[in-house]
Amino acid sequence: MITVSTDKTKLDVPFIQNFLKDIYWAAGRTIEEVQTTIDASVCFGIYLDDKQIGFARVITDYAVFAYLMDVFIIEEHRGKGYSSILIETMMKEPQLQNVKIWRLATTDAHFLYEKFGFTKLNHPEKMMEKIV
């Protein structure tokens, strides 16, 4: 049985860090950094028979802006629709219903996010970043 929860006490932080430390967008992230990001975000764990198989988090002000980050399903459970269940649950989360602008960055999952209304930036020339 698949469940998605925002209960941070259920999150398997070592499991999350073990995945993130080797993935291109979070390579080298320490367990302390993972815990800090969890503490500062709305988090979603996805579980198969109560065992965590994926994760995602949202950084938000709950009114205007939300940024979707660290979305993953472990490899052995990909291709089964679980990522869609995870994203759909996030989009329906009651505490995020007032958010007007959602953003995310992805290099390979556009097809997934497009199903939930995400599009390319209308004005990418207005976006800036600072990477330290």
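A few points about this structure:
- Shape call, the range 27-91: gyration tensor on alpha carbons, a/c limit 1.5: oblate
- Here the contact order of the range 2-118, divided by its residue count and restricted to Cα pairs under 8 Å and six or more residues apart, works out to 22 percent.
- Integer Hz, Karplus 6.51/-1.76/1.60 couplings in order for the range 114-119, x for Gly and Pro: 4, 4, 10, x, 6, 9
- Evaluated with a Cβ-only charge set (Lys, Arg +1; Asp, Glu -1), the range 2-118 carries a dipole of roughly 280 debye about its Cα centre, given to the nearest 20.
- The range 1-41 and the range 49-108 have Cα centres spaced 13 Å apart.
- Multiplying the residue separation of His110 and Gln95 by 0.36 nm and removing their Cα-Cα distance gives an extension gain of 2.9 nm.
- Mean Cβ neighbour count within 10 Å, used as a protection proxy, ranking 64-70, 107-113, 121-127 highest first: 64-70, 107-113, 121-127
- Taking a sphere under 14 Å around the Cβ of Asp50 and counting the other residues whose Cβ falls inside, with K and R at +1 and D and E at -1, yields a net charge of -1.
- Loop trypsin sites (Lys or Arg not before Pro), the range 1-50, which have at most 16 other Cβ atoms in a 10 Å radius of their Cβ (DSSP): Lys21
- When each of Lys100/Lys120; Lys10/Lys115; Lys21/Lys80 is checked by Cα-Cα distance, pairs over 22 Å: Lys10/Lys115; Lys21/Lys80
- Among 92-98, 40-46, sorting by the average number of other beta carbon atoms lying within 10 angstrom of each residue, highest first, gives 40-46, 92-98.
- Per-residue Karplus couplings for the range 71-87, computed as 6.51 cos²θ - 1.76 cosθ + 1.60 with θ equal to phi - 60°, are listed in order as 7, 7, 10, 5, 3, 5, 10, 6, x, 10, x, 5, 5, 5, 4, 4, 5 Hz, Gly and Pro entered as x.
- What the phi angles of the range 27-43 give under the Karplus curve with 6.51, -1.76 and 1.60, with θ = phi - 60°, is a coupling list of 3, x, 4, 7, 5, 5, 5, 4, 4, 4, 5, 5, 4, 9, 9, 7, 10 Hz, glycine and proline written as x.
- Each of Thr119, Thr36, Phe19 was scored by the projection of its Cα onto the charge dipole of the chain, and the greatest displacement toward the positive side belongs to Thr119; charges sit on the C-beta of Lys, Arg, Asp and Glu.
Just so you know, all these numbers are worked out from the coordinates, no wet-lab data involved. Every value quoted in this text rests on a predicted model; they were computed, and no experiment measured them. Every residue, glycine among them, receives a Cβ derived from its backbone with ideal geometry; neighbour counts consider all protein chains shown.
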